Amino acid sequence: MTQTYSASQGDTVDYIAWKFYGTQSGRVVEQVMDANPGLADIGTELPPGTLVTLPDLQLETAATVVRLWD
């Protein structure tokens, strides 16, 4: 379920991703940016009241490593 977050003073997309999802890894920040076209044009710190769409994450799975020799 997609949600919307209203930015507070000093918020950045990285901080919002960490605050909402609890992580910044796994392309979380990129997914938030993809869900919000034009957000990168605003700058690093978002103006208070900026609405940010928080998408359902598409989690990347780690590649399985196969070792032929130990």
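The values are calculated or read from the model by the stated rules, or taken from the named source; none is laboratory data. These numbers come from a predicted model, not from an experiment. Positions of Cβ are generated from backbone atoms using ideal geometry, with glycine treated the same way; all protein chains shown enter the neighbour counts. Surface accessibility is based on the protein's heavy atoms, side chains included, excluding ligands, DNA and RNA. Shrake-Rupley method; radii C 1.70, N 1.55, O 1.52, S 1.80 Å.
What to note about this one:
- When the stretch 3-28 is filtered for residues that are in contact with a Phe, Trp or Tyr (Cβ under 9 Å, 6 or more places away or on another chain) and closer than 17 Å to residue 57 by Cβ, the ones remaining, listed by number, are 3, 5, 16, 19, 20, 24, 28.
- Per the listing 21, 5, the residue uniquely hydroxyl-bearing (Ser, Thr, Tyr), closer than 11 Å to residue 53 by Cα and in contact with a helix residue (DSSP H, G or I) (Cβ under 7 Å, 6 or more places away or on another chain) is 5.
- Close pairs from the stretch 5-29: first without any contact (Cβ under 8 Å) to a residue 40 or more places away in the chain, partner part of a strand (DSSP E or B) and hydrophobic (A, V, I, L, M, F, W, C), Cβ under 7 Å, at least 6 apart: 16/52; 20/54
- Of all residues making up the stretch 1-17, the number that are in a loop (DSSP other than H, G, I, E, B), of a type in the set (Gly, Ala, Ser) and at negative phi: 2
- Residues of the stretch 26-50 satisfying the condition of being of a type in the set (A, V, I, L, M) and surrounded by 11 or more Cβ atoms within 10 Å (Cβ to Cβ): 28, 29, 32, 33, 35, 39, 42, 46
- The single residue among 53, 4 that is open to solvent by less than 70 Å² (accessible area, probe 1.4 Å) and among the polar types (S, T, N, Q) turns out to be 53.
For (1) at pLDDT below 95; (2) within 15 Å of the chain's Cα centre (by Cα), each residue gets a yes or a no:
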{"site": "4", "(1), (2)": "no, yes"}
{"site": "29", "(1), (2)": "yes, yes"}
{"site": "40", "(1), (2)": "yes, yes"}
{"site": "44", "(1), (2)": "yes, yes"}
{"site": "57", "(1), (2)": "yes, yes"}
{"site": "69", "(1), (2)": "yes, no"}
